[in-house]
Amino acid sequence: MGAVHDDVHHAPDGRGRALRLGIGGPVGSGKTALTAALCRALGGSLRLGVVTNDIYTTEDADFLRRAGVLDPERILAVETGCCPHTAIRDDIAANVDAVETLEERFGPLDLVIVESGGDNLTATFSRGLVDRQIFVLDVSGGDKVPRKGGPGVTSADLLVVNKTDLAPMVGADLGVMDRDAAAVRQGKPVLFTSVRTEGAAEVAAWVTEQVHEWSHEHEHGHDHGHGHDHGHPVHA
Amino acid sequence: MTPGLLLLTDSRLPAGSHAHSGGMEQAVKEGLVHDLASLESFLAGRLRTAGAVAAGFASQACAGHDPVELDAELDARTASPAQREAARTQGRLLLRVARRIWPSPALEELAGRLPSPHHPIALGVTAAVVGATPREAGAAAAYHAVTGPATAAVRLLGLDPVAVHRVLATLDLPSPDGLPAASAPLLDLLAERHRRSPVRLFVS
Amino acid sequence: MSLAAVAARRAMRARAEIATTLSAGRTALTVLRSSPPLTLRQTGPVTVHLVSTAAGPLGGDELELDLRVAPGTTLEVGSIASTLVLPGEGPSSMTVTAHVGAGASLRFAPEPTVLADGCDHRMAVRLSLDGDARVWWREEVVMGRYGEAGGRCVTRFDATAGGRPLLRQELELGTGPCSPAVLGGARCVGSVLTTRPCDTAVADGAVADGAVADGAVADGVVVMPLAGPGTLVQALAADAVELRERLDWGLAQVPPS
């Protein structure tokens, strides 16, 4: 290993590696279902890897493996020692290690999804770990959640409001959620889905756009004397 | 005392240790640790075995002893593959952050020779880079051997964190002399059972 | 032997040795030197048993056993009975040094060492293996006779293979409070080091539940593939019978090479 760059374990300097996408949100909002749906939708066009951080460690990884959406070897589980937010925000070492393990083992990859363990509204990913992040809410948490804001809702690159099919049953007003989210998110996108019943085509389209944007940003004219080639994304 | 040593021993150093319980998760699950008294006894036993070994090796690594030789000697002192894996994972992550925080030829050389060193070796070499003494490196390694399990017990058992820190404050640190080989059969058993457990909150 | 006789005997220094040589393609036991209280009896073509001809070790005794297994030869060492370590004038020690040549095989399987109340004992093993030497080495320690808590003992095990460290372990018994990290409430601790690899266990499909490709674990016993060429079976138990059963379970997970 040479000592050319800041971190020979290729820290997130963005050069030539996969886009790292964080998926966070409260317990039960549908992060794992969304991850599975994204793997299903994107598996044919992008080279994928997944890191899960479920508090019961292998549970989410097992769900994904059973779902058959991705080669099980491309799914790694990270234990978070009872503190899911620590592992994605304050001490990201184990997650970065897992992402790089996937890239070393299966690379070049286009997209690595890091799914956080279920946490609270203040949990967001460190920019040292992911390049983009999705925050997943569901309507059963009440339509006031977007108004309450919190870093997850306000700062995520994409807010997904899931389980819209349940809205009538839990008395959630999607219009209110849309309006409140728009107010606190300053123009950043919000998508309403029911991943379980409809899949995640819109979210997948957004992710594909991010991957293309990322590869264009880092493929052309950004060589920085980088010695080795991590490969280039396949364009869908 | 060099400021680098304070950073190196801070549990908030982002080097992945927060997710390692050093056998505590399994000890709690099996009922071996269930209150402050059993916690203290567990930590004291861990400190005079695994802690003493870590202290001796971190100290020697800090003093400039050949890390590859030390690493092989630590392998021979770590019969449990689960414990070897946990030690090497923590060593790799510490080396990664240390190289970014304190870029230096010594750390580059270590990474070139041992990409995943046992944790006490990564700690000892880093301690030397930040200007700590071998004795301080040994103390840091010994503390690392018990602070992680203690914090895990706070999270797993809901113990009073102040009471747990009082326990930590009363433990006698082993003096980091020579290269001890103190073994702990129960830690081996706990580590191997933990690795096979389908439900785990901690890596080790 | 009466207690009076035990009390009357003085501290002893002893050094017994066994050596093999390869003679016309077969093992010959060319050195068999007893040194009381370590008395050696050849009990088979390649088998030797230790027969105690005096009580002890007693405090003050310094006993050594030296084994040299020449390249290509085989040696098996056992003992007729358990070793009872008794208190006396100062600490006692038993040191076994063994060198196993290339292609040679050593099986060292003595009965347990029992630490009587008040003893202060040191057990040391220095084992060096050349090339493709094979070894099977058992060590069992029982804290106290029936109803006793047991004395003090430090065991040290150093094994090298091809000049590289294979296993180094030190265990202190009876020197401090028991810890749920070290021995818990166990009265007996034992291990078997074997150069057999255990990574073929599952492939052979001949192992019990609890085994995985990289070792196995069950109540009070763990089978651990070492970083070097070998496997360590380690067990804790309430009594010597349970200890032996657990070690045997562990060994059953390691197929014969």
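Mind checking which residues of region A:62-108 are surrounded by fewer than 21 Cβ atoms within 10 Å (Cβ to Cβ), among the acidic types (Asp, Glu) and free of Cβ contacts under 8 Å to residues at least 40 places away in the same chain? Matches in region A:62-108: A:62, A:71, A:73, A:90, A:104. Here residue B:204 meets the list (1) at pLDDT 95 or above; (2) under 16 Å from the mean Cα position of the chain (by Cα); (3) of a type in the set (S, T, N, Q) almost entirely, failing just condition (1). Only one of the listed residues (B:96, B:46) is under 27 Å from residue B:4 (Cα atoms) and facing chain C (nearest Cβ under 10 Å). That residue is B:46. Do you know which of the residues in region C:219-236 that are touching a residue at least 60 places away in the same chain (Cβ under 8 Å) and under 17 Å from the mean Cα position of the chain (by Cα) is surrounded by the most Cβ atoms within 10 Å (Cβ to Cβ)? The selected residue is C:232. Against the test of being in contact with a strand residue (DSSP E or B) (Cβ under 7 Å, 6 or more places away or on another chain) and of a type outside the set (Val, Ile, Thr), the options B:52, B:58, B:27 yield a single qualifying residue, B:52. Here are some conditions: (1) within 13 Å of chain C (Cβ to nearest Cβ); (2) touching a residue at least 12 places away in the same chain (Cβ under 8 Å); (3) in a helix (DSSP H, G or I); (4) aliphatic (A, V, I, L, M). Residue B:179 meets all but one. Which one does it not meet? Condition (3) is where residue B:179 drops out.
Going by the structure shown, is residue B:64 free of Cβ contacts under 8 Å to residues at least 40 places away in the same chain, more than 8 Å from every other protein chain (Cβ to nearest Cβ), surrounded by fewer than 23 Cβ atoms within 10 Å (Cβ to Cβ) and of a type in the set (Gly, Ala, Ser)? So residue B:64 fails the test. Of the residues that sit in region B:23-43 and are under 24 Å from residue C:154 (Cβ atoms) and of a type in the set (Gly, Ala, Ser), which one is nearest to the other protein chains (Cβ to nearest Cβ)? My answer is B:41. Taking residue B:158 and the conditions (1) of a type outside the set (A, V, I, L, M, F, W, C); (2) surrounded by fewer than 21 Cβ atoms within 10 Å (Cβ to Cβ); (3) within 12 Å of chain C (Cβ to nearest Cβ), which numbered condition does it fall short on, given that it satisfies the others? It fails just one condition, (3).
Which residues, taken from region B:101-110, are touching a helix residue (DSSP H, G or I) at 6+ places or on another chain (Cβ under 6 Å) and part of a helix (DSSP H, G or I)? B:106, B:107, B:110 - these are the residues of region B:101-110 that are touching a helix residue (DSSP H, G or I) at 6+ places or on another chain (Cβ under 6 Å) and part of a helix (DSSP H, G or I). Could you say whether any residue in region B:68-83 is touching a Pro at 6+ places or on another chain (Cβ under 9 Å), more than 10 Å from chain C (Cβ to nearest Cβ) and buried (at least 24 other Cβ atoms within 10 Å of the Cβ)? Within region B:68-83, none of the residues are touching a Pro at 6+ places or on another chain (Cβ under 9 Å), more than 10 Å from chain C (Cβ to nearest Cβ) and buried (at least 24 other Cβ atoms within 10 Å of the Cβ). Just one of the numbered conditions (1) in contact with a helix residue (DSSP H, G or I) (Cβ under 7 Å, 6 or more places away or on another chain); (2) among the hydroxyl-bearing types (Ser, Thr, Tyr); (3) away from chain C (no Cβ under 12 Å) is not true of residue B:89: (1). Just one of the listed residues (B:134, B:185, B:174, B:180) is on the phi < 0 side of the Ramachandran plot and at pLDDT below 95, and it is B:174.
Of the listed requirements (1) open to solvent by 20 Å² or more (accessible area, probe 1.4 Å); (2) in contact (Cβ under 8 Å) with a residue 40 or more places away in the chain; (3) part of a helix (DSSP H, G or I), residue B:174 misses just one: (3). Against the condition surrounded by 20 or more Cβ atoms within 10 Å (Cβ to Cβ) and more than 20 Å from the chain's Cα centre (by Cα), how does residue C:25 come out, does it pass? No. Given the criteria charged (D, E, K, R) and under 23 Å from residue C:251 (Cβ atoms), does residue C:132 qualify? Against the criterion (charged (D, E, K, R) and under 23 Å from residue C:251 (Cβ atoms)), residue C:132 qualifies. Considering region C:153-182, the residues that are within 22 Å of residue B:45 (Cβ to Cβ) and under 13 Å from the mean Cα position of the chain (by Cα) include one that is nearest to the other protein chains (Cβ to nearest Cβ), namely C:169. If I filter region B:113-120 for residues that are away from chain C (no Cβ under 13 Å), open to solvent by 50 Å² or more (accessible area, probe 1.4 Å) and assigned to a helix (DSSP H, G or I), do I get at least one hit? Yes; the residues of region B:113-120 include at least one that is away from chain C (no Cβ under 13 Å), open to solvent by 50 Å² or more (accessible area, probe 1.4 Å) and assigned to a helix (DSSP H, G or I).
The values are calculated or read from the model by the stated rules, or taken from the named source; none is laboratory data. Only a predicted model underlies this, so the values are computations on that prediction, with no experimental measurement involved. FYI the Cβ positions are ideal-geometry reconstructions off the backbone, even for glycines, and counts take in every protein chain you see. To get the accessible areas, we keep the full protein, side chains included, count just its heavy atoms, and leave off ligands, DNA and RNA. Shrake-Rupley method; radii C 1.70, N 1.55, O 1.52, S 1.80 Å.
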